[in-house]
Amino acid sequence: MTKFDFTNEELQLNKKGILSQRQKGVLKSMAHGIRASSKSGVWVILFFLALGICIMLALFLQNVDMQRLQTLGPQLAVGLCFTVFAVFGITVLSIFLSRRQAAKLEGAPILSAEGIISHDSDYSSSGGFRTYYVYFGKKRFSFPDDMSYEFPEGSKYRIYYCKIGQIELIMSFEKIA
């Protein structure tokens, strides 16, 4: 039908505010990806934490004699403990927030917007890419490609989408006569 992957049955379900089983599966797999990436990121954080502690200890112990080690040792231990607890705290907070985002994604409601189509674009000279915008009335969606062939300027469309934080996923749309 179009570049977007939805069926007429899914469009009819979206009109009623219901996601199809396939659409729920897509959201569930995206949520799984968010959870998996947060878990794999923990190992990277722990590796660099251990590496940093080893480097700090090696540099510190290289220039310290036994007399100063007795006085600075407790301060070093407190500093290292604080660093480890701070990193673990930030890691746990990161995992918690990503799991919460994933749970919201799995239970996202269907929203809709409709209006006359208009187009705009923006070029990022620092990134070297162009972002294309399609306005459905006052609601704006951004795309990496020009969508003027998909949504002709001046036509009236209704779009069904899910919005979770910054993520907006188009589930289906229909042209309104």
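Here, each number is a calculation from the coordinates, and none is a lab measurement. Everything numeric here is computed off the predicted structure, so don't read it as measured data. Quick reminder, even Gly has a Cβ in these numbers, built from the backbone with ideal geometry, and neighbours come from all protein chains shown.
Taking a ≥ b ≥ c as the square roots of the Cα gyration tensor eigenvalues, region 27-106 comes out prolate, since a/c reaches at least 1.5 and a/b is larger than b/c.
Based solely on its DSSP helices, what 222 nm [θ] is calculated for the chain when runs of n ≥ 4 H residues each add -39,500 (n - 2.57) and the sum is averaged over all residues, nearest 500 deg cm²/dmol?
Helix contribution divided over all residues of the chain: -18500 deg cm²/dmol.
Shape analysis of region 109-175 places it in the oblate category; the axes a ≥ b ≥ c from the Cα gyration tensor give an a/c of at least 1.5, with a/b not above b/c.
Its alpha carbons considered, the chain gives a radius of gyration followed by a Dmax of 25.4, 86 Å. The local environment of Gln21, defined by Cβ-Cβ distances under 12 Å, has a net charge of +1 under the rule Lys, Arg +1 and Asp, Glu -1. Dipole orientation for the chain: of the candidates Gly115, Ser125, Ser142, Gly115 has the Cα lying most toward the positive pole (charges on Cβ; Lys, Arg +1; Asp, Glu -1).
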